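Below is one structure; the comments refer to it alone.
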Amino acid sequence: MKLALSDAGLALTDIQQGYASYVYGDSACGQKVINELGMPGFPIFNVNNNCSSGSSAIFLARQAVESGLVDCALAFGFEQMQPGALGSHWDDRTSPAKETYEALLSVRPTPPEQLQAPPAAIMFGLAGAEYMETYDAKPDLFARVAVKTRTHAGRNPHAVFRDPITLKDVENSPMVFGGFLTRLMCCPPTCGAAAAVFVSEAFAKRHGCRTDVVIAGQGMATDMENIYEQTRNAVGRDNTIRASQIAYEQAGLGPEDVDLVELHDCFTPNEVITYEGLGLCGEGEATRFVADGDNTYGGEFVVNPSGGLMSKGHPIGATGLAQCF
């Protein structure tokens, strides 16, 4: 947060609203973080929206400034995560994902012995299996994405894992789910933080802030009934399509105008599914897209130059803001 304020040339007292994104923490953690820097008295809203918490904080900060309600808003995200796969901290009540998880398993019945894997790995693993069956893709598609991402991470001093890996490294790492999803196709739980300052153009000019960085478009979407039709929709494929179309329309641009993409690669099958959801390639064309190198330097797009969640890490509350950065 200090770095973001310094980069903007502003002080904490310039902020008029704050949006704190995190998942694993008690109520009012956002207030606690701000109070560590000072107690300026502006409203602070805590946002818990799972992996989209950081991008939700961005959405709310942008919306507050765009509406004219405030001239300067701060979005900041953080997470202190425990080692190992994600799990529920509230086992004494019904999980909000219960119906979705049950519907997913009804669409794709899974042997009981495979259900011992972490729930997120099961969901994205089933989506990857569905993709392979639908488009005759091979598991090395997902392994190649992991190799590409780690190569990119070598250029990012903030990435957790920066050493290069090979296809054999990925394929021979411990099996997590479904006979193809290995550990090196799964992102690590990590700790981290990120922040961004959002200002109106008039405020920027008054305070000497840069005005060459703008939010040209931003879309968000949530589940509809078709979540139960395909496993890929259960992990966000349809949401990606609808949200990206909103952003493209607002910006007056299309995927053909894009050079750089930061997308949510919590598991490499999700990166592959998201290529198509964003319109970077046609449906079922991800194998050729990856083989042609169109997801890296020298190709059509550079996808996750940061190293993505796979290598940069996935501190859930900070992830969306880190991708924005």
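The values are calculated or read from the model by the stated rules, or taken from the named source; none is laboratory data. Nothing here was measured: the structure is a model prediction, and the numbers come from that model. Cβ coordinates were reconstructed from backbone atoms using ideal geometry, including for glycine residues, and neighbour counts include every protein chain displayed. For the accessible areas, the whole protein counts, side chains as well, though only heavy atoms, and no ligand, DNA or RNA atoms are used. Shrake-Rupley method; radii C 1.70, N 1.55, O 1.52, S 1.80 Å.
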**Item:** Accessible carbon and sulfur surface of the chain relative to its total accessible area, %, 1.4 Å
**Value:** 52
**Request:** Give me the angle, in degrees from 0 to 90, between the Cα long axis of helix 140-153 and the longest principal axis of the Cα atoms of the chain, rounded to the nearest 10.
**Result:** 30
**Request:** Send over a whole-number figure in Å² for the accessible area per residue of the range 183-269, probe 1.4 Å.
**Result:** 54
**Request:** Give the relative contact order (percent, whole number) for the chain; include only Cα pairs under 8 Å separated by 6+ residues.
**Result:** 26
**Fill in**
the range 47-126 accessible area per residue, 1.4 Å probe, protein heavy atoms, integer Å², reads 55
**Message:** Over the range 278-325, with the other protein chains present, what is the accessible area per residue in square angstrom, probe 1.4 angstrom?
**Reply:** 35
**Message:** Please give the charge dipole size of the chain, origin at the Cα centre, charges +1 on K and R Cβ atoms and -1 on D and E Cβ atoms. Round to the nearest 20 debye.
**Reply:** 920
**Fill in**
With every protein chain in place, the accessible area of TYR297 for a 1.4 Å probe, in Å² rounded to the nearest 10, comes to 100
**Asked** Among VAL176, ALA153, THR231, whose Cα sits farthest toward the positive end of the charge dipole of the range 102-238 (+1 at Cβ of Lys/Arg, -1 at Cβ of Asp/Glu, about the Cα centre)?
**Response** ALA153
**Prompt:** Cα to Cα, under 22 Å, and not fewer than 8 places away if on the same chain: which lysines meet these conditions relative to LYS312?
**Reply:** LYS2, LYS148, LYS168
**Asked** When the solvent-accessible surface of protein heavy atoms is calculated with a 1.4 angstrom probe, in what order do LEU167, LEU253 fall, highest first?
**Response** LEU253, LEU167
**Computed helical MRE - 222 nm, the chain, DSSP H runs ≥ 4 contributing -39500 (n - 2.57), nearest 500** = -12000 deg cm²/dmol
**Message:** Considering only C-alpha atoms, what is the centroid distance from the range 261-325 to the range 158-208, in Å?
**Reply:** 10
**Message:** Rg over Rh of the chain, using C-alpha atoms and the Kirkwood radius, what does it come to?
**Reply:** 0.97
